[in-house]
Every structure is written in structure tokens, then in C-alpha cells.
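These notes are about the structure you will find just below.
Derivation of every value follows stated rules applied to the coordinates shown; laboratory data play no part. Just so we're clear, the structure is a prediction, and the values are computed from it rather than from any experiment. Here Cβ is always computed from backbone atoms with ideal geometry, including for glycine, and neighbour counts include all displayed protein chains.
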């Protein structure tokens, strides 16, 4: 397994290189530059700024310079926020997003898992139809509707929780954004768990367990639950990478200092280094969590062999 | 400056007149909302929570280019002059000044008690260093040309002269002599701009770009920087070394960065912030019904218009067509119904300014029918009819819903009055900007916020060859009037020259005026020490909180 893991991690390097190259080329091909503003700058000032950020060099040299810096873990200075580096922006924002994202995933697993398994066990009942209908509503309701509603109820009307801000991960500041982010995931997890539990409950080894006269609770907990997790894990890999890198909507509505918003604002502002930095980070996290998902498969299902 | 959104409007500098002194008496304020009871004594805790529209791109005074940056810098630093509670220029680090008869040489006398936040004395040499830093091309100050009024500033910024050629000189520790390239009646307003604020040379030498971090920043304003969490909040605390600290009531100011106007509203309603930088125009009526006088809406020194390209068909050498498009629009109902009455319809380039008589065109007083008929006649004269309709793209930045609906209504107005088919084409701001600078666009979004309360800041954009003259407009007579105004020392005569110049713009149908911008704030009734002002600069230095219950 160690050899497999190392091989996968080494294999990630060319993938990340492709991501960096594509992002670099696409960004530089887009019209406009990072320091083009509504007010025209004097040419000498523009030259001075471009020289400071090496934008006056040929593109290939800028590319090689960026790769050399990247190899040292230096993602460069932000063009949008002067006097700030991309490493600093990520170091400040990622923990916020990771805290909210992982809390949201934990909520999704707890609530969605319980609801989905219950719906499968009561298949065809009102509970099943009711919860699955709610799941469809949960998946279909955008976060930009849920988040303001939560603020309206819990912050403005009831004054139970703050309407935003981030005070070092204090639970009161975490609850609303995490729940707003979790809602569609709760619905996804519920639907996935319902489907996979029904599949597993219809399989031969469960029939055997029933035939042996095992009590239903034991059948579910000891035999059925583990294999039902397989489809969930393939969903969770990219989902976790997605939520820990932030949600622009949640960050904007709750005023949180995450990095999700930069996926859009940095691109619009042609902040080359910031865009490439967070793209590489997102790519690396996707690769990492997919690898973890594959490792989990092998742990859950003995039939899976990692090669 | 041009812009598509409120926060990018900020991209240009703003300026105002400076003011002085602290606030001893409560200023007029709106009556409290039913749920808030306001007392008459100062609140025990003087901590102000302000919402800020965006993360400042820099809090280095010489590098800052946006409104959020200016708001924070107004609290951290102070120039020779500042803006008072009403947004007027007044004394700050300089207590007095005098100018020569030709208006080209000024001498400023600095307060001996002015100090940096580390206790070091603030001297005239600090201003010399800071102003040279702005115009030095190596600094990369995007607003270096803002110093154009100072002798040799532009030549230095263009790399043609050394920085010590700048027209500023420290006669002694507390006397600063400034030479100007021409009479500049708005100099005191200019000197309240953030790029003229002094910066502390030893900190910059020691820490380089990192000097703006809270642990290194030395400033001279009413507050010092305690915390700067990117994208989240900026915390300031009272600067006890400030020369007028005795009149500063607030002990702490927290700027919460809330990019979304609706998020600012939510936080205000939840009682988390006492002041918002803006609110969505589309929510005005609802907010007024809920919050009453806490909704503050006042004229702002900027306007929204549409540009027409004078170098390309169909507008090139086609005055009747340009006039037809200008005249056809029903500005009053458009702003009333489509912009919730937040903004006022405009007929001039210059927004209202004291002592300046807006040259409102005669056609604006015509009845709707008469104006429409005239527009149709001009449209026909330009060679268009129902069978040969004008078909154009209106290029604009990406719009919020309210702005999009407004422009759709403008297009519908043209269709119903003239039969013209105008389609809205939204594009990224950077893409629009590039196409504008290449003069590739025919009919386009345009907007301008004045840098300082003087007509020149608006007139310069239509000067032949100006970098922001996206219309490619050129009229030698207009240029002559602007030049003449530039050499005029008497402000009243200058204003008359600008009024004549503006009439020429209307005669030439140089642009399509739509509406004047407006400030939009939500303010708690217990927050005092502020007044609406046309430059929308409200320094925390003057503000204070009254005791209150509820939020």
C-alpha cells in the first residue's frame, strides 16, 4: 500500500504541472492585465510596476520563474492585494474554509447517513417518500437562498447566532455557514446511502444472514453498513476537496475570510499568481482526497486490491 | 474614473475638502427606530462597527487606489489638510498657510504638536519624502498623476527629472513650501487626498513592502492599526499620540469587509454593524419602510452616463443621431421606477456642486411629447426610420440585476420613441476597459466619480487626447475653455469658464447623461458625529456613540 501511495503521489506531479501550465497560458491569453485600471497610469509607472512583478519579461521566462518558485513552495506575490503574498492569503483563508467545510461534511454524514439508511430500511413508507422528497428540495435549493434565510431566522429575528464574521472558529460563528453549506450535501448523502443500502440489503450475503436468523439490527450494523459506504466514499473524495477550498456564496453572505471568493475575483482582476496558486491547491487537494478515497475502498472492501 | 460597480468606482481617487477639529456637540441625526431607545449621554463603550465594501487593495497611502482603502487611510493618516464633518477642506497637520498672489507658491505651517504614532515628531521633511515617493516611478504609485499640480511632478513620474526636482521644500522642521505648475484653487482639496498623506520613512526603509503590517505600521492619524485580516476585518484603536486626540471619542473602530450589499443589510439588521458603506438600490423602499430614517441617501460627486464613439460610424460626424439618443430618454421615470429613486436623473456632466451653476440644457424643460418629437425628427435627419432602424450593441460591464433592468428600460425607451434596436452586451470589466482604450466600442457604459470637488476633475475627461476620453471627443474650443480655466486664479471666473465648456458638450451631444450617483448608507440612530457629504467621506475621528438600548 505504501508503494501504491508513493506511486500515486509521484504521478500527481505531472498532473499538477499540466494544471499550472494550462492556468498560466489561459490567464495570459485573457484580455487585460492585472494593473489595468479605470484610470490610465503614466507609462513609466506602469513599466516600473511590471518590472517589479517581472511582467516585462518574455512569457517563457515568467513561466520558468514561476515553476522554480513553486518548487520552493513560493506561490508569489498577489497582484490584486499589494504587499500580500499568495502563500499568506491561502494560509489565512484555508483554515477558515477547512473548518467550515469539514464541519459541513460531518453534518452531512451524520444527518444524511441516518436519514438515508432509515429511508432504505423503511422503503416504500411515508418516511421514505417524505425524506427523499425533502432531499430533492435540499439538493435543488441554492445556498444563496438558504444562507440568507438562516440569517433572517437565527440572527435577525431570534438573535441566537451572529449573522456572520469569523472569530477564530468560535462555534457560534461556525454553525450557520456550516449548516448552509451542509444542506445540499445532507441531501446527497441521504440519497446515496438510501440507494446503496437498498442494494446491499438485496444482496446474497444479507439474505444468508437473514436465513441464519440474525436480528435485523445486527444485520445492518455488522454486515450491511460497511459495503454501503463504497459509493459514498467515491462521492466524498472530490466533495471534501470542494468544500475545504471554500464556497464563494457562503463566504460572501456571511462575510468570511476564506479563499473561495478568489476563484472568481482573482480571475476577474487578472491576479495571475493568486489564480494559479488556488488552482494548484484545489488540484492537489482533489488528487489527495481521491487517493484517500481509493485507500478507503481497499479498507472497506477486501475484494479491492491496490496496484 | 470609470467603473461598472460601486466598489470599482473606487478605483479612482476621491478627494475632498478638508476640515478640522473634533466634535463637541451632537450633530443632527435621524430619529431613532422604534426598537432603539437613544439617550443623550455618551455610551460607555466607544467602539464603532463599520461595514466596508471590499478589501482595500493596499493600505499604503501612496499605493491605495480604491474607496475602501481611502476610508481606512482617512482614519490612519492625515495630510496637510483633511475633510471636516461636512466634507469640506480644513486644517489638519498644517494649521495655517498662505499663498503668493499668482497662486503658484504656497507655504504651509505645520503644527509643532503633530506626532507619529510612535511619538516621533512629524516634520516638513516627512512630507517632502512622502511626496517624492508618490511621483518616483520606482514606487509604482498608480495615482502619481494626482500630484500633477505640484511643479515638475509629471516630468518626474515620467522619469525625465530626478525626484528632488519636485516643487516641495522643507524651509524648516515645521514649514513646507510648495511650488505649483499653475494656479490650483482646489489645492486644499487635493492635499486631503490619501496619496499626499505623509508616510514614515524609517519604517519603510526597515521593512520594505511589509511596513503596512499592523506590527510595523507607524501612522499619524486619529487611529492606529491593530489587526488586518484579509477579507474579514480591519481593527483600529485610538492613537493617543494624535495631535487632536482630546476630541476623538471612539476608542476602537472595526471595519468588517462585506462585499455583498445584502450581507451589509443583514449585518445591520442583526445589530452587528452601526454603519454600512452601501445597500442595494433595489432594497431602498423596503429598507425605508423597516428602518425609516436610518436609511441615508444623499447626492454623491459622480455620474453614470453612456459614451458614443466619435471616431466610428454611426456616431462619427453625426450630430443629429447623437442628439436623438440623448433627447429620447425619459430620465425622470427611468430613475424613479427602475432605480427606486435612489439616484437623481442627470442632464449635465457635472453633478451639483456649491457655487457652480449647472448648465442644464433647454431641451430638458420640454414636455415629453415635444422632446420625443424633436428626437424623432433628429433621428430621421440622421437617415434612420422604421424601415432603416438604428441597430447597435450597448457594451457594458457585468451588471447587477437592478442595473441590468435599468439599461433594458433605457433600450426599451429608445425602441418606443425612435424605433432603434439597442441590445445590451455585458463583458468583463478588464475586457471592456481594453476595448475602450483601443476605441473599439461604439456605444458603451461610462461613469465618473470626481476626485476632488472641482469641475476640472470632470472636464478633463473630454479634453482632446486624454487617456480617459474613450469617446475620442475633440473640440478645440472646449480645450481652450478648459485651458483658460486652468490658468484662472479667480474661482468664480473659473466656474463660469467650465460652465461654458459644459454647454459645448451638450451642443455636441458628447455623451448621454443618465443619472447622478448617490451615497447609500444605513446608520444606527445612536451613531453621531457625521453628515452626508457629496464626496462621501466620513471620518471615524468625528464620530461617537450615544447610550442606547436595542439594536
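Structural remarks
- Stretching the chain fully between residue A:69 and residue A:137 yields a gain of 19.9 nm (0.36 nm per residue, less the alpha carbon separation).
- In this simple spin-label model, placing a label point 7 Å from the Cα along the Cα-to-Cβ direction at both residue A:29 and residue A:222 gives a separation of 6.0 nm.
- Ranked list, fewest to most other Cβ atoms within 10 Å of each Cβ, for B:291, A:176: B:291, A:176
- Folded to 0 to 90 degrees: helix B:401-418 orientation relative to chain B principal axis, Cα: 30
- Packing, taken as the mean count of other beta carbons within 10 Å per residue, orders the peptides A:256-262, B:466-472, A:268-274 from highest to lowest as A:256-262, A:268-274, B:466-472.
- Folded to 0 to 90 degrees: helix B:67-76 orientation relative to chain B principal axis, Cα: 20
- Legend: ranking of residues B:201, B:340 from fewest to most surrounding C-beta atoms inside 10 Å; resulting order B:201, B:340.
- Computed FRET value (nearest 0.05) for residue B:337 with residue B:415, which takes r as the C-beta separation and R₀ as 25 Å: 0.90
- Inter-part distance where the stretch B:254-301 and the stretch A:65-96 are each reduced to a Cα centre, Å: 34
- Residue-averaged beta-carbon neighbours from other chains (10 angstrom radius) around B:265-276: 5
- Ranked by the mean number of other Cβ atoms within 10 Å per residue, highest first, peptides B:294-306, B:149-161, B:108-120 order as B:294-306, B:149-161, B:108-120.
- When the alpha carbon coordinates of the stretch B:189-301 are projected onto the principal axes, the ranges are 53, 29, 27 Å, largest first.
- Rg to Rh quotient for chain B, alpha carbon positions, Kirkwood Rh: 0.98
- Whole-number percent relative contact order across chain A, with pairs defined as alpha carbons under 8 Å at least 6 apart: 28
- Computed [θ] at 222 nm, helices only, for the protein assembly as shown once each DSSP H run of length n ≥ 4 contributes -39500 (n - 2.57): -13000 deg cm²/dmol
- Each Cα pair under 8 Å and six or more residues apart adds its separation to the average, and for the stretch A:153-307 the resulting relative contact order is 22 percent.
- Centre-to-centre separation between the Cα atoms of the stretch B:482-551 and those of the stretch B:397-460: 21 Å.
- For the protein assembly as shown, the direction-averaged projected area of the alpha-carbon convex hull comes to 41.9 nm².
- Nearest-0.05 FRET efficiency for residue B:46 and residue B:118, computed from C-beta distance (R0 22 Å): 0.40
- Across the stretch B:401-551, Cα pairs under 8 Å and at least six residues apart give a relative contact order of 12 percent.
- Across peptide B:227-236, the mean count of Cβ atoms from other chains lying within 10 Å of each residue's own Cβ comes to 5.
- The distance linking the stretch A:269-293 with the stretch A:180-241 is 31 Å (Cα centroid to Cα centroid, whole angstrom).
- On the beta carbon distance between residue B:387 and residue B:319, with R0 = 25 Å, the FRET formula returns roughly 0.65.
- Neighbour counting of Cβ atoms within 10 Å sorts the residues B:260, B:425, fewest neighbours leading, into B:425, B:260.
- To the nearest ten degrees, helix B:124-135 and the longest principal axis of the Cα atoms of chain B are 30 degrees apart.
- Note on B:59-65: average number of Cβ atoms from other chains within 10 Å of each residue's Cβ is 2.
- Size descriptor for the stretch A:97-192, Kirkwood hydrodynamic radius: 14.0 Å (Cα pairs only, one decimal).
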